[in-house]
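For reference, the structure discussed in these notes is given below.
The values are calculated or read from the model by the stated rules, or taken from the named source; none is laboratory data. Keep in mind that what you see is a predicted model, and the values were worked out from it rather than measured. Neighbour counts run over all protein chains shown; Cβ positions are idealised from the backbone, glycine included.
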Amino acid sequence: MLDRMIGGYGIILVVCLFVFSAFACMGMLGQWYNVQDQAQFVAMSEGRYGGYTTDATASMSEWCQNSHLDPSRVGVTVSAPGAPVVWGTPVTAKVSEDFNFKVGNWFSFVVPITGVGRSVSAYIQNTISVCYACPAYKAAV
């Protein structure tokens, strides 16, 4: 009799932990898609203008504000940070963020999330810039 009662509470505890873990992972997956989308946007901006510009910086600040993220916890790494790169050069952008798993005040840990965007520079000096993106989403470069 006692073993069935303990077993019943044990099963309920395991099911509750599984459900909580599923919800937490769904939240992290949603945030990863958000970070991946922003990384692709930054890469496309890099491709259009030949490098990382103040427009991309403004976009990152707006994204952090809309996503309720602390800008100091978001990192951006780009392949063309300086002067414009020539037409046809592959450009990449990597956006990383620390996702905070938190259960009230009892349990908290941080998981780094990284999104990688790829594009090709379409910058030709003194012409109209065209933008296209590489559709392949592979592991980080």
Would you say Ser61 is among the polar types (S, T, N, Q), more than 20 Å from the chain's Cα centre (by Cα), at pLDDT 80 or above and more than 30 Å from Leu17 (Cβ to Cβ)? no
Members of the stretch 56-110 found to be in a strand (DSSP E or B), more than 20 Å from Tyr33 (Cβ to Cβ) and in contact with an Asp or Glu (Cβ under 8 Å, 6 or more places away or on another chain), listed by number: Val78, Val91
Filter the stretch 17-42 for residues that are surrounded by 11 or more Cβ atoms within 10 Å (Cβ to Cβ) and among the β-branched types (Val, Ile, Thr); which is modelled with the lowest pLDDT? Val42
If a residue has to be surrounded by fewer than 22 Cβ atoms within 10 Å (Cβ to Cβ), among the small types (Gly, Ala, Ser) and assigned to a helix (DSSP H, G or I) to count, how many in the stretch 43-55 make the cut? 0
Among all residue pairs at least 6 apart or on different chains, which show Cβ distances below 8 Å where the first residue, located in the stretch 15-32, is in a helix (DSSP H, G or I) and the second is of a type in the set (A, V, I, L, M)? Phe20/Val103; Met28/Val111; Met28/Ile113; Gln31/Ile113; Trp32/Ile113
